[in-house]
1. For the residue pair Glu41 and Glu5, what label-to-label distance in nm results when each label sits 7 Å from Cα along the Cα-to-beta-carbon direction?
2. Once label points are set 7 Å from the Cα along Cα→Cβ at both Lys51 and Lys79, what is their separation, rounded to one decimal in nm?
3. Write out the chymotrypsin sites (Phe, Trp or Tyr not before Pro) in region 1-50 meeting two conditions: DSSP loop, and at most 13 other Cβ atoms within 10 Å of their Cβ.
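No lab work stands behind these numbers, since they all come straight from the coordinates. If you're wondering where the values come from, they're calculated on a predicted model, not measured in any experiment. Cβ atoms come from the backbone with ideal geometry, glycine included; neighbour counts cover every protein chain shown.
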Amino acid sequence: MFDNEPNYSSYSLDELFDAYSSIDKDSFPERFNLIKKIIAEKQGGDYQCPKCKCKGYEAGQLYAAADRLESILDYETGKYVTISCLDCGFTELYKRNSTVSAPLVDFFTT
């Protein structure tokens with residue numbers, strides 16, 4: 001008989017994030033929780049959401065311009081690392097500069 005249960009443990013992180021964002025968590029709560037758990041395991045690190053204690057996260061970047069002229073010229077003065085909880089969406093912003101950003105991202109990804 002054909003098994004319809006996906007083998008999420010063989011998915012890459014990108015594939016897991018795609019599955020996480022597209023799954024109907026109300027119809028498939030077990031699969032949703034399994035995807036979230038596997039993402040947290042594959043990411044490793046010491047992250048734990050300060051609000052809900054989830055260990056899964058998504059890292060991103062945010063660029064901000066200080067004024068309209070910088071925005072028009074496509075000049076970014078503020079660079080930030082974002083860490084968002086997969087469960088509740090709580091997002092932390094960390095100001096990025098050349099000496100701090102690498103260790104900060106390494107903290108969450110190792």
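1. 1.3
2. According to this spin-label approximation, the distance is 2.8 nm.
3. Phe2
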